[in-house]
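Novice: Starting off with a structure, shown below.
Since every read-out is calculated from the coordinates, none of them should be taken as a lab result. Model, not experiment: these values are computed from the prediction. Backbone-built Cβ (ideal geometry, glycine too); neighbour counts: all protein chains shown.
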Amino acid sequence: MNTLMFGVNVTTTAAAGDNPIAAAMRAEALGYDFISANDHPCGTRPSYETWTMLSWIAAKTTRIKVATRVLGVPFRAPAMVAKMAETLDRLSGGRLILGLGAGGSDDEFRAFGLRVASPKEKIEGLEEAVTIIRGLWTSRAFSFTGKHHHTDAADIEPKPEHEIPIWLGTFGKHSLEVTGRVGDGWIPTLEMAPPETIPGMRDRIFDAAVAAGRDPEQLTLAYNMEFRVGKEVDLPAHVVTGRPQELGEKLIGFVVDLGFSAMNFIPAGPDPERQVEVLAQDILPGVRSAASELGSSV
């Protein structure tokens with residue numbers, strides 16, 4: 001059974017006046033379990049490269065976990081990601097959550113001179129990447145020949161001191177099956193996977209896990225969502241909103257009814273710092289308590 005975890009988004013913005021490092025430090029002080037950041041290195045708006053920024057955050061904090069939400073596999077060679085992940089996890093004291101995605105940013109790949117693969121090829125590449133990363137973490141002279149990635153008697157040392165969790169951001173039929181076969185966790189975004197779609201997607205993941213001889217109950221299901229405390233009519237429909245009690249009840253439902261054991265929050269609207277604070281202090285403690293009383297795995 002998985003422990004209930006709450007995380008919060010840290011923007012990668014490098015614009016004047018923004019300070020994602022300070023935001024991560026505040027999240028740690030507020031009791032969040034992890035912070036996360038997305039991976040979009042190409043663009044005209046000032047931004048930090050995700051891995052480098054999370055490394056700096058890990059150095060400036062002591063307890064909170066750091067999660068990639070999610071690294072686009074085509075941006076980095078999987079074998080190099082294996083080495084990067086082991087280093088960051090070791091230097092941070094075991095605080096890395098490695099989130100990976102097949103890669104949906106075709107314009108970014110094209111701009112950076114990378115091959116733009118088909119959806120099928122991306123999913124195949126994601127599964128191969130996980131295989132290579134795990135292989136390098138656990139084996140010596142690891143060789144792998146896939147359709148999209150390969151290694152030839154590759155070694156990295158040291159090996160990880162513990163199992164670094166790999167969460168996959170997946171949505172389609174075949175990518176969900178990949179998550180069940182090789183992932184440690186699933187991190188869908190509510191906008192793309194609203195609550196009514198979750199049971200069917202979850203069942204596909206669990207069926208694939210069982211077929212692969214894995215225990216689906218060991219998978220972390222992490223719901224990524226935008227939220228707003230209060231009633232604001234001008235927000236998109238996918239933003240989870242409500243007064244504290246109402247919002248708390250919605251989150252409890254995600255745990256008890258849908259099986260999520262982690263949630264990642266992205267504040268919507270003005271005053272994001274205040275929103276993150278209110279959520280941590282006035283809502284999440286009640287969610288933990290109620291979920292525990294209702295028999296969730298907290």
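Novice: Considering only Cα-Cα distances, which of the following residue pairs are longer than 30 Å: Lys65/Lys250; Lys83/Lys250; Lys173/Lys250?
Specialist: Over 30 Å Cα-Cα: Lys83/Lys250.
Novice: Roughly what % antiparallel, to the nearest 5, for the DSSP beta bridges in segment 1-154?
Specialist: Of those bridges, close to 25 percent are antiparallel.
Novice: Mind checking the log10 I(q)/I(0) for segment 175-293 at q = 0.11, 0.14, 0.16, 0.20 Å⁻¹? Debye, one equal scatterer per Cα, no solvent, two decimals.
Specialist: The calculated log intensity ratios at q = 0.11, 0.14, 0.16, 0.20 Å⁻¹ are -0.39, -0.61, -0.77, -1.07.
Novice: Still on this model: Have a look at Pro195, Pro160, Pro236 and tell me which one the Gaussian network model of the chain (Cα, springs below 10 Å) gives the largest fluctuation.
Specialist: Pro236
Novice: Another question, then. Projected onto the charge dipole of segment 5-293 (+1 at Lys/Arg Cβ, -1 at Asp/Glu Cβ, origin at the Cα centre), which of Thr131, Met84, Met25 gives the Cα projection farthest towards the positive end?
Specialist: Most positive-ward Cα: Met84.
Novice: Right, another one. Using the 10 angstrom Cβ neighbour count as an exposure proxy, how do Leu235, Leu284 rank, fewest first?
Specialist: Leu235, Leu284
Novice: How many angstrom separate the Cα center of segment 230-265 from the Cα center of segment 40-79?
Specialist: Result: 26 Å between the Cα centres.
Novice: Another question about this same structure. Can you bin segment 1-150 into rounded, prolate or oblate? Criterion: square roots of the alpha carbon gyration tensor eigenvalues sorted a ≥ b ≥ c, rounded for a/c under 1.5, prolate for a/b above b/c, oblate for the rest.
Specialist: Because a/c hits 1.5 or more and a/b fails to exceed b/c, segment 1-150 counts as oblate.
Novice: Here's something else I'd like to know. For Ser261, Ser55, which order do you get if you count the other beta carbons within 10 Å of each Cβ and list the fewest first?
Specialist: Ser55, Ser261
Novice: Once you sort the root eigenvalues of the Cα gyration tensor of segment 110-164 as a ≥ b ≥ c, which label holds: rounded (a/c under 1.5), prolate (a/b larger than b/c) or oblate (the other case)?
Specialist: Note, shape of segment 110-164 comes out prolate.
Novice: Fewest first, what order do Tyr48, Tyr223 take by the number of other Cβ atoms within 10 Å?
Specialist: Tyr48, Tyr223
Novice: Still on this structure, please answer the following. Need one word for segment 1-86: rounded, prolate or oblate. Basis is the Cα gyration tensor (sqrt eigenvalues a ≥ b ≥ c); a/c below 1.5 gives rounded, then a/b vs b/c decides.
Specialist: oblate
Novice: Follow-up question, since we're still on this one. Among bridges DSSP assigns within segment 5-293, what percent are antiparallel (round to 5)?
Specialist: Within segment 5-293, antiparallel bridges account for around 15 percent of the total.
Novice: Further question on the same structure: Where nothing but the Cβ of Lys and Arg (+1) and of Asp and Glu (-1) is charged, how large is the charge dipole of the chain around its Cα centre, in debye to the nearest 20?
Specialist: So the dipole magnitude of the chain works out to roughly 420 debye.
Novice: In a Gaussian network model over the chain where Cα atoms closer than 10 Å are linked, find which of Asn19, Asn264, Asn38 has the largest mean-square fluctuation.
Specialist: Comparing Asn19, Asn264, Asn38 in the GNM, the peak value goes to Asn19.
Novice: Which option, (1) 150; (2) 195; (3) 133, is the value of volume of the Cα convex hull per residue in Å³ that was calculated from these coordinates?
Specialist: Recomputing volume of the Cα convex hull per residue in Å³ here gives the entry labelled (3).
Novice: Can you tell me how much longer the chain between Val233 and Ile21 gets when fully stretched, taken as 0.36 nm per residue apart minus their C-alpha distance, in nm with one decimal?
Specialist: 73.2 nm
Novice: So for segment 5-293, averaging the separation of alpha carbon pairs under 8 Å that are six or more residues apart and normalising by length, what relative contact order in percent results?
Specialist: Dividing the mean separation by the residue count of segment 5-293 yields 15 percent.
Novice: Also, I was wondering about something else. Under a plain spin-label model, where a point goes 7 Å from the Cα along Cα-to-Cβ, how far apart in nm are Ala211 and Glu191?
Specialist: 3.1 nm
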